[in-house]
């Protein structure tokens, strides 16, 4: 995330200048508000379904024994078939597509999506693994738009071909925060009949920088998320125009990799009125996961334990937060 924000700080100065002052002027003091009696709904979505067998097992357990209500499946993942079989046995788990454009290989023939592939890579015919390079291409328009739509469509179609309904879309590393990627995802969603999409923006009105003062890495991410939130207005306009629904935003992004009960309680107790999404990554830190290029290893174990804990269920009940799945956005 840091590398993306470094680039955005240079390339999106006009967005910071025109949008941030407005957000600051309207922003209420989170400490002076009480959200306990407001209407709040939460989609608990486990990312990376299909990444490994251990991740699949963790997501299944977090749904069956915990609060996970939705998941997003990676079409180009090693444990894809196993994830599909698991999803078929869990009718209450809504399954979306975790669109992957960074890391891994495309579902489409590589020659058909050559502008999406890394240039001068040690691993030819694969996406950019380096976030700085991906961000530069996405921000400066280096990807062919038709190839983007074709690859995203291919990933969605691969999941639909199994008989599963693709209820919603999100993206690996929140890539659709970039307008060019978002535009392609919205077009692919229309082609494939998908009606819901993640809004990858954190509710800054309810979060104060002081909440992360004791954790330098989280304070840094707080600042990064503020920069990324400059795309929020554009996101809302495009999704509304495309006729897609989205929650009001996400929580858990700043805390990714270090999420624990204290941090989650902090996020949930200050959650504004509306429908929000908790982004989580439960799993098992087995040998297969350690062989994958991911920084989230031991943290998946902690999140699995957290998401299945009686304490979290009790907290949600006390806060009067109703857990829903993506299809319930339609009602």
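Values as computed for the structure displayed
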read-out: Label zone at residue 208, where the point sits 7 Å out along the Cα-to-Cβ direction: the stretch 251-288 residues whose backbone N lies under 15 Å; value: 266-267, 269-271
read-out: Whole-Å semi-axes of the stretch 182-244's equivalent ellipsoid (Cα gyration tensor); value: 31, 10, 9
read-out: Whole-Å semi-axes of the chain's equivalent ellipsoid (Cα gyration tensor); value: 28, 25, 19
read-out: D (Stokes-Einstein, µm²/s), Kirkwood Cα radius, the stretch 74-197, 1.567 mPa s at 4 °C; value: 88
read-out: Average Cα contact separation per residue, the stretch 129-206, under 8 Å, 6 or more apart, as relative contact order %; value: 35
read-out: For the stretch 239-331, fraction of C-alpha pairs farther apart than 24 Å, in %; value: 31
read-out: At 1.002 mPa s and 20 °C, Stokes D of the stretch 232-282 from Kirkwood alpha-carbon radius, µm² per second; value: 172
read-out: As computed over the stretch 161-317, the Cα convex hull volume per residue (Å³); value: 147
read-out: Hydrodynamic radius (Kirkwood) for the stretch 80-131, which is based on Cα pairs only, to one decimal in Å; value: 12.9
read-out: Residue with peak Gaussian network fluctuation, the chain [Cα springs, cutoff 10 Å], from 148, 42, 90; value: 90
read-out: Intensity falloff of the stretch 135-244 expressed as log10 I(q)/I(0), Debye formula with alpha-carbon point scatterers, at q = 0.15, 0.16, 0.19 Å⁻¹; value: -0.72, -0.79, -0.99
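Bear in mind these aren't lab numbers, they're just calculated from the coordinates by the rules spelled out. The shown structure was predicted, so the numbers you read here are calculated from the model rather than taken from an experiment. Quick reminder, even Gly has a Cβ in these numbers, built from the backbone with ideal geometry, and neighbours come from all protein chains shown.
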